[in-house]
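Throughout, read-outs are computed from the coordinates displayed, never taken from laboratory work. Model, not experiment: these values are computed from the prediction. All Cβ positions, even for glycine, are placed from backbone atoms using ideal geometry, and neighbour counts span all protein chains on display.
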Amino acid sequence: KNEVEQSPQNLTAQEGEFITINCSYSVGISALHWLQQHPGGGIVSLFMLSSGKKKHGRLIATINIQEKHSSLHITASHPRDSAVYICAVITQGGSEKLVFGKGTKLTVNP
Amino acid sequence: GAGVSQTPSNKVTEKGKYVELRCDPISGHTALYWYRQSLGQGPEFLIYFQGTGAADDSGLPNDRFFAVRPEGSVSTLKIQRTERGDSAVYLCASSAQVTYNEQFFGPGTRLTVL
């Protein structure tokens, strides 16, 4: 079983819909990242959080440390949001390497 | 300023050959990470450097893989006797300091071993 699990694996939405992507992890963490990867491979960090909630534009990330769960929300989704969204954690007590989920492929149709 | 850059962007080689992949981190970033991403999978950790030293190389799959960062800036990932299973996108990331800091990713090098 992977240390970081994401759901759903694939998600198709219509423009304007509210999107939720979930991430569960089984280890103690120091921080959690949400990353965006567009076709062609470039990865961009969206959020890094260790507690609570962060908001940037139409993106919201929340984390519940006790439940070992994080969610990424996209409000008023747009076709340009189509990408793979990856959850990654920094585990406690170890090195600062990221442990990644397999990603959620989001397609937003016009 | 310039982001993380990686060269080459694509590398095609034959089984058994030696390859070098280069990463130029953001200037001043002390931490540098190498990851490998196979098709349809999330990235997997290979090695990370704090300054010139490899602080954690536990992700290197075997002794055919080696990485250096001699001056604490540019890093080179070296793969000897390449195998078809080494085909993947190799990603480099850097961060300003190690503790819980955002990592900035390069565009990756797509390695294809024929």
Requested in this report: Go through the range B:62-77 and give me each residue that's assigned to a loop (DSSP other than H, G, I, E, B) and buried (at least 18 other Cβ atoms within 10 Å of the Cβ).
Outcome: B:R69, B:S73
Query raised in the report: Is one or more of the residues making up the range A:90-102 more than 11 Å from chain B (Cβ to nearest Cβ), among the charged types (D, E, K, R) and either touching a Cys at 6+ places or on another chain (Cβ under 9 Å) or closer than 19 Å to A:A31 by Cβ (or both)?
Result: no
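I'd like the full set of residues that are within 15 Å of the chain's Cα centre (by Cα) and small (G, A, S), limited to the range A:1-23. If you could, list the steps in order and put the result at the bottom.
Going through the range A:1-23, the residues within 15 Å of the chain's Cα centre (by Cα) turn out to be A:3-11, A:18-23.
A:S7 - this is the single residue of the range A:1-23 that is within 15 Å of the chain's Cα centre (by Cα) and small (G, A, S).
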Query raised in the report: For B:R36, which of the numbered conditions (1) buried (at least 19 other Cβ atoms within 10 Å of the Cβ); (2) charged (D, E, K, R); (3) farther than 18 Å from B:E83 by Cβ fails to hold?
Result: (3)
Report task. Those residues that are more than 18 Å from B:L111 (Cα to Cα), in contact with an Asp or Glu (Cβ under 9 Å, 6 or more places away or on another chain) and hydroxyl-bearing (S, T, Y), I need them from the range B:22-49; list them, please. Result -> B:Y48
Query raised in the report: more than 30 Å from B:Q50 (Cα to Cα) and part of a loop (DSSP other than H, G, I, E, B) - does that describe any residue in the range A:82-99?
Result: yes
**Report entry** Residues satisfying the stated conditions in the range B:10-61, i.e. at the interface with another protein chain (Cβ under 9 Å from one of its Cβ atoms) and assigned to a loop (DSSP other than H, G, I, E, B)
**Finding:** B:G40, B:Q41, B:G42, B:P43, B:S58, B:G59
Report summary line: Reported set for the range B:68-93 where residues are within 12 Å of chain A (Cβ to nearest Cβ) and in contact with a Gly (Cβ under 8 Å, 6 or more places away or on another chain) is B:V89, B:Y90, B:L91, B:C92, B:A93
Requested in this report: Being within 14 Å of chain B (Cβ to nearest Cβ) and among the hydrophobic types (A, V, I, L, M, F, W, C) is the filter here, so list the residues in the range A:66-89 that pass it.
Outcome: A:A83, A:V84, A:I86, A:C87, A:A88, A:V89
Report summary line: So, first residue more than 10 Å from chain B (Cβ to nearest Cβ) in the range A:35-58, second residue surrounded by 15 or more Cβ atoms within 10 Å (Cβ to Cβ) and among the charged types (D, E, K, R), Cβ within less than 7 Å, six or more apart or across chains; the pairs are none
Query raised in the report: If a residue has to be touching a Leu at 6+ places or on another chain (Cβ under 8 Å), among the charged types (D, E, K, R) and buried (at least 21 other Cβ atoms within 10 Å of the Cβ) to count, how many in the range A:78-108 make the cut?
Result: 0
Query raised in the report: Can you pull out the residues in the range B:84-114 that are of a type in the set (S, T, Y), surrounded by fewer than 21 Cβ atoms within 10 Å (Cβ to Cβ) and closer than 11 Å to B:A31 by Cα?
Result: B:T99
**Report entry** Residue under evaluation B:G28, criteria (1) in contact (Cβ under 8 Å) with a residue 24 or more places away in the chain; (2) farther than 23 Å from A:T91 by Cα; (3) under 15 Å from the mean Cα position of the chain (by Cα), criterion not met
**Finding:** (3)
